[in-house]
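Okay, here's the structure, questions in a sec.
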Amino acid sequence: LEEGLLVRARGRIGHRYLRSSSLPWDVASLLPTHLLHPSPLARANRCLRAPRLWEALERWETRTGHPNAFRVGKLLLYLLAAIHWHSCLYFALSARLGLGTDPWVCPNASRPLRRYLHSFYISTLVLATVGDTPVPGRQEELLFFTLGFLLAVLGFATVAGSVGSVISNLLAADAIFYPDPAPVRRYLRARGAGKGLGRKVAAWHRHLRAERKLPAELQVLKFLPRGLMAEVVAEVHLPSLARVGIFQGWQEGVLRQLVLRLRPQVFGPGEFVCRRGDVGREMFFIREGRLAVLAEDGITQLAVLGQGLYFGEISLIHIKGNTSGNRRTANILSLGYSDLFCLSKEDLAEVLAEFPSARTALEAKGRQLLLAMGKLDLQAEAREVAAQEEAERRLQGLEVALEGLQTQAARLVAQLEGSALRMALRVQRLEA
């Protein structure tokens with residue numbers, strides 16, 4: 001690695017490897033020592049590669065997309081290797097004591113595979129602490145089984161701890177993405193709430209998991225650098241945001257600034273997103289689901305909003321002649337489970353201050369919507385425009401008067417400085 005980047009030049013990698021401390025050990029592990037003696041122990045130099053294997057497994061675990069599955073596979077590999085080595089020791093002891101001489105040792109079968117499978121089976125019974133093994137009669141057999149059971153107890157504790165760690169990691173990772181419904185349900189039972197409310201809470205959590213919606217995704221990404229977090233969020237949400245009608249044709253830079261400030265929210269069936277007359281502090285973009293626009297009676301459906309639409313922007317932006325002010329102009333009810341993006345008034349103002357063209361486009365679309373709803377007072381708009389022009393004219397007059405005063409003040413300061421200089425010279429002459 002150089003400055004955090006992986007070097008892929010073979011020449012540089014080879015030159016660095018030839019100067020590393022791993023080279024002598026790798027060469028020693030590849031020496032053909034088995035030619036010196038036919039015993040398996042003559043190949044023990046292969047074990048010098050074990051640290052390289054552990055390093056490779058560690059790097060693979062950090063790079064794979066399924067680390068928990070990889071940990072389980074690695075644990076199974078360790079178990080198989082331990083059983084294999086134990087079976088080899090069992091067969092070596094059986095060969096030393098004599099194959100087939102008693103029921104404990106490996107039978108003297110003609111096929112090597114039959115001998116290996118029997119040895120592997122006995123080792124599995126011992127290391128899994130299953131029991132039902134042949135009764136040892138010699139001292140060597142008793143000692144071998146005793147050591148095997150002791151190692152099995154230690155290995156079983158290690159395996160149980162590893163499996164428990166994997167399960168804990170799975171639960172912890174799942175808890176980061178999805179909230180646990182148990183505390184809320186216990187709270188409702190402790191407070192004596194009705195069962196219907198508890199079923200609604202359970203249904204909401206089931207919907208989050210079934211649809212793989214992440215209400216706490218910003219908390220998951222908060223440890224990333226801001227630039228990388230912006231890239232991740234844009235990759236995930238920018239296509240959905242670009243389908244919103246109000247943002248079509250906007251610059252990608254504006255959308256990237258907006259997507260960082262969006263907060264996902266999920267509304268359940270029959271839940272009001274906003275009510276008529278409420279003070280508007282947020283605007284919403286529909287990612288998935290359907291929402292009904294209700295009349296003042298709260299029952300009659302005037303329209304149904306679907307994916308890619310937006311609402312609530314009128315109460316966030318200042319449109320001249322808006323008779324409703326910053327109040328909500330309609331009741332919005334979620335028909336099913338609706339996945340929305342929420343943008344606060346402060347975040348919208350911050351983004352629009354950086355991009356005046358986007359502000360102009362948003363105000364124009366909001367004005368058209370108010371005009372269609374009959375909530376735009378053209379006379380009030382004209383009066384406000386005239387008042388704004390009058391204020392600008394007065395401001396310009398004040399600026400001109402202020403410039404004149406500044407000029408006169410500068411002249412007076414210059415005259416004062418000249419008088420002070422002449423006075424100092426006269427005093428100097430009188431003193432002389």
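How would region 1-63 be classified by its alpha-carbon gyration tensor: rounded, prolate or oblate, with rounded meaning a/c under 1.5 and the a/b versus b/c comparison settling the rest?
oblate
Which net charge results when you count Lys and Arg as +1 and Asp and Glu as -1 among the other residues whose beta-carbon is under 14 Å from that of A358?
Net charge around A358: -2.
Moving to a separate point now. Which three numbers, in whole Å and largest first, are the semi-axes of the equivalent ellipsoid of region 65-177 derived from its Cα gyration tensor as √(5λ)? All intermediate terms of the calculation are to be shown ahead of the outcome.
Numbers: eigenvalues 254, 45, 16 Å².
Each semi-axis is √(5λ); the values are 36, 15, 9 Å.
Between G14, P40, P51, whose Cα lies farthest towards the positive end of the dipole of region 1-90 when Lys and Arg beta carbons carry +1 and Asp and Glu beta carbons carry -1, centred on the Cα centre?
It is G14, whose Cα lies furthest towards the positive end.
Can you give the net charge of the other residues whose Cβ lies under 15 Å from the Cβ of G14, counting K and R as +1 and D and E as -1?
Around G14, the surrounding residues sum to +4.
Let me ask you something else. How far apart, in nm, are two points set 7 Å out from the Cα along the Cα-to-Cβ line at L371 and at L188?
A separation of 4.9 nm, rounded to one decimal place.
What is the distance, in nm, between label points placed 7 Å from the Cα along the Cα-to-Cβ direction at R209 and at A353?
4.4 nm
Still on this model: Over region 65-177, give the accessible area per residue in Å² for a 1.4 Å probe, as an integer.
On the way: 7100 Å² over 113 residues.
Roughly 63 Å² per residue, with all protein chains present.
Which of the trypsin sites (Lys or Arg not before Pro) found in region 1-110 are loop residues per DSSP with 14 or fewer other Cβ atoms within 10 Å of their Cβ? Please report the intermediate quantities before stating the final value.
Working: sites: R8, R10, R12, R16, R19, R43, R46, R49, R52, R59, R63, R71, K74, R96; in loops: R8, R19.
Of the trypsin sites (Lys or Arg not before Pro), the ones in loops of region 1-110 whose Cβ has at most 14 other Cβ atoms within 10 Å are R8, R19.
Also, I was wondering about something else. Pop a pseudo-label 7 angstrom from the Cα along the beta-carbon direction at both Q139 and S21 and give the gap in nm to one decimal.
Calculated label separation equals 4.4 nm.
Excluding W54 itself, what net charge comes from residues whose Cβ is under 13 Å from its Cβ, given Lys and Arg +1 and Asp and Glu -1? Don't jump to the answer; show the numbers that get you there.
Values: positive: R49, R52, R59, K74; negative: E55, E58, E61.
Neighbour charge sum, excluding W54 itself: +1.
The values are calculated or read from the model by the stated rules, or taken from the named source; none is laboratory data. Because the structure is a prediction, the values reported are computed rather than measured. Please note: Cβ atoms are built from the backbone with ideal geometry, for glycine as well, and neighbour counts cover all protein chains shown. For accessibility, only protein heavy atoms count, side chains too; no ligands or nucleic acids. Shrake-Rupley method; radii C 1.70, N 1.55, O 1.52, S 1.80 Å.
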